[in-house]
Structures are given as C-alpha cells and as structure tokens.
Amino acid sequence: MGILEGLEPRPVFHFFEEICRIPHGSGNEAALSDYLKQFAKERGLSCIQDEWNNIIIVKEAAPGYEKEETLILQGHMDMVAVKAPDCGIDMEKEPLRLVVNGDLISAAGTSLGGDDGIAVAYIMALLDSKDIPHPRLEAVLTVGEEVGMDGAREIDLSPLKGRRMLNLDNEEEGVLLTSCAGGCRAECRLPVDWEKRSGVVLHIRLEGLQGGHSGAEIIKEGGNSNCLMGRVLDALLAETSVSFISLEGGLADNAIPRQTDARVIISVEEKEKGLAVLGGMEEKLQRELAVKDPGFRITVTEEGERTEDCLQEKCMQKAVCCLLSMPNGIQAMSADVKGLVETSLNLGMLELSKECLRLTYAVRSSLESGKKAVCRKLAAISALAGAKVEIRGDYPGWAYRQDSPLRDKMIRVYEKMYGEKPRVEAIHAGLECGLFSGKLPDLDCISYGPDMKGIHTTEEVLSIASVKRVWEYLLEVLR
C-alpha cells in the first residue's frame, strides 16, 4: 500500500506517488520521461518524446467538446533535488520517502519535488480519465526547468494546435499568475594557485538559515550562507595568517543557500585567536539575523595538525574580495507593481576546485535591461579580480496580456465556486510561459497551482486539501 493511498483526489495522489518513486532531479529526468511515454502508449494516446526527453501527449476532446478550443496543459518534470547533510538517500537512484503529517505531505530528509511533480500528476490524472468532460488536451512536460529552462528552450512546439495554455507551476492557491521575470545563470570563475601549508585544520560550517526559492523568497532578505562565509573568512584573514583548504556551499543557483562549509589551516600559535574571531563573528551575525534567520549558527570542528594544499595568499585575497563585493539579493523593486521585486540575483552555489573558485548566480529581472545591467556588473567586478563570467540559460520574461479570454474564464469560474475573485498577480520567479509565448504567437496563458511551502528546501511541504480544491477547480474550468 502506498503512503498516499486513500488521499483525495485519488488519481492525482496515485500518480504523484508514482513520480516520487522515480528519481527526477534536474539532468536526471530520462527515467521519468520514459515512464510518461509508456503511460501514453498504454492508453493509446499520441506521444512525442524528443532528444532532450521533453514529452508532448495529446488526448482528443471528450464527446460534445470537439468544437471547443484546444487547451495546452504544461508543467516540468525536473525537481530541485536537495537533502539534509545527514540524509543517506542517493537522490539520483533512490525514491523519495514520503511523509504525511495532517494536511501536509513532505519527504524525509529531502526536498519533495511538488515543484513541479504535482503538475505532472494533475496532467496524468486528466489524461488517464474516462469520464471527465474536456476539450482536446495537449500536455507539454519539459525537462531542465530548474537549471535554466533548457527543455522549454529546445522543444519543438509546431505540432501543437492550442493557443490557450494552463501552466501548473504556481505554489499559491487562489492566485492567477499572468506575468513573470526573465532570468539567466551567471557563473564566475576565479583561477587559483596552491601551496603547501602546515598547521591545525579547522572545519567551519555556517548553517541554520531559512533558505528558499530565490524567486519567491528573495523578498524576505534572509541570510545567504555563501555571502556570509565571505564575511567570516575576511574577518579571519584580517586577524590571523589563516589559509583556505576547501570552500563549498549551496545546491542550486535558484535556491538561497542555507549551509556553507570551509576548511582552513592555521598555526598552532594562532588557533585560539582564530577561534575567538569565529566566535565574535557568530555573535555579530546572530544579532543581524535575529529576526530573519534566528537559527543561524557557526560550528567549528578541529581536525588535528597536518600539512595540506592551500590557496596562495593573493588568491585568498581575491576570493574574499569577490565574495564581499559581488552584488546579491534585491537590486530594485518594481515601480509599477507594489511589493514586486523587479531585479535580483542569488549566489546559489560556491565551489573551490584545483582550477578555480566558482560562484554561480541566478539572475532575475522583469526588465531585460535590468538583467543585462546586473550581468555586466558581475563581469566588471570579476575582471578586476582576474576572473571571468559566463552567462548561460538566458530566458525571457512573460509579459502581461491585456486581453485574455482564458484569464476571464478562470476568474468567472473561481467566483462561481468560491464567491470571491482570485488574486491576479505577477511573480518575480521565472516560469516557462515566456519561452512558450515566444514560440506560439498569440498564446493566452495563465499559471495556477496548489499551496506549497519551502520549495527547493528539505522543508518543502504540499497541502493535501489545496491539491483537492485545485483539482475540483481544474475540472470545472475544463467543463
């Protein structure tokens, strides 16, 4: 018996649990794509699987709906696969371990992948049904959304007849999303050189931050463990002759990092001074983050005396300068929409290899010029330190459409069902709707979905009751 057995709507939760049994982190979607292809074959549905593993499945209209306009149903297969430091699950090979606690579904020790597994589950349930009234449905399920919308960028949409699209990649019930920011990934690489150094090895860990989705949660202006590590290492360099052995933080460019680790080497004579500096920094940062990130802490573990490869001094200085001077967080708020972030960036991943220090950012902006300005700033600061920046995964924003029959219809249905209007909003996070709008002229598109919290983190939860209400709403929209 499945963990979600008996939950309503049964077909949605059945397929969601099936999806959770198949590892599908970004870049690892092939097995889920093959599962969807087999799903379509078993039901006699037309299916296209491209070389990227994107999937298009078509289900013809139910009797009596043949003359209705085709509806595209869209979501993405991949999830941000993150796990707690003490979690032993191999997320590339093992299923998620689902947990039900009251109204909430989560995954033990890992992210849940409700973003966007629940969209895939809704769509599969609709395609599997035999008695739900609906027009012709064209299901488009993409890969690589969380790492730059690669699937949406590469997919050939010419087989589609529809020009109305319901994107199911929203995490707040009762909100119709009608526009979003564009974005890209910016990767800064600072070349490094190494030398031998002897002393006491200290493992420094910054942890206990809230983290979250860099589009939805950036407005909370919580701590970024990668940026904070820059301040901690700067304080150590100012007071001691410490050297850096390793540096690593964050799991995805579009997730605000919650934990960053550094291993440093320090002389026996300076060890106590170094520990005092770290204690002082913990106290200062805890005061700064007392409201936004009350769980923040710095833990230090002594690993004994030995000789290690360490960064040369000039490389350490450049590395810290980059961490301190690179912009991060909100850069501008929208002048048109109150409370909407216009431009931001997030230092999501930090990695020190033998060749370079790599800083990876998710850049977002409602304005193309704002996005380009931030990328240019990153490149200019990097050049001063002798580093280079590469821009990848550039995707356009999704502009608000004044005339939207689909939006009008969904508002009418919502008012009829709930006796109030839904909220119609823009979002700072990126959605695939912008790329689809560029490929399908005159596309009328809305994004909707059930309540989720903590996406892209190990605290991700999905509301069971909300999944049910959104399902009933979708059925009424289709009817």
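Below, the figures for the structure above:
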item: Out of 120, 175, sole residue that is among the β-branched types (Val, Ile, Thr) and within 19 Å of residue 444 (Cβ to Cβ); result: 175
item: Number of positions in region 232-252 that are farther than 17 Å from residue 309 by Cβ and open to solvent by 10 Å² or more (accessible area, probe 1.4 Å); result: 9
item: Complete set of residues in region 389-408 that are among the aromatic types (Phe, Trp, Tyr) and open to solvent by 40 Å² or more (accessible area, probe 1.4 Å); result: 400
item: All positions within region 40-62 that are within 20 Å of residue 15 (Cα to Cα), free of Cβ contacts under 8 Å to residues at least 24 places away in the same chain and within 25 Å of the chain's Cα centre (by Cα); result: 49
item: Hits in region 101-154 - residues which are of a type in the set (A, V, I, L, M, F, W, C), in contact with a Phe, Trp or Tyr (Cβ under 7 Å, 6 or more places away or on another chain) and either open to solvent by 10 Å² or more (accessible area, probe 1.4 Å) or part of a loop (DSSP other than H, G, I, E, B) (or both); result: 143, 149
item: Enumeration of residues in region 427-460 that are open to solvent by 30 Å² or more (accessible area, probe 1.4 Å) and part of a strand (DSSP E or B); result: 427, 453
item: Single unsatisfied condition, residue 31 versus (1) open to solvent by less than 30 Å² (accessible area, probe 1.4 Å); (2) touching a His at 6+ places or on another chain (Cβ under 8 Å); (3) not β-branched (Val, Ile, Thr); result: (1)
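The values are calculated or read from the model by the stated rules, or taken from the named source; none is laboratory data. Quick caveat: nothing in here was measured; it's all calculated off a predicted structure. Because the Cβ atoms are built from the backbone with ideal geometry, glycine has one as well, and the counts that use them run over all protein chains shown. Surface accessibility is based on the protein's heavy atoms, side chains included, excluding ligands, DNA and RNA. Shrake-Rupley method; radii C 1.70, N 1.55, O 1.52, S 1.80 Å.
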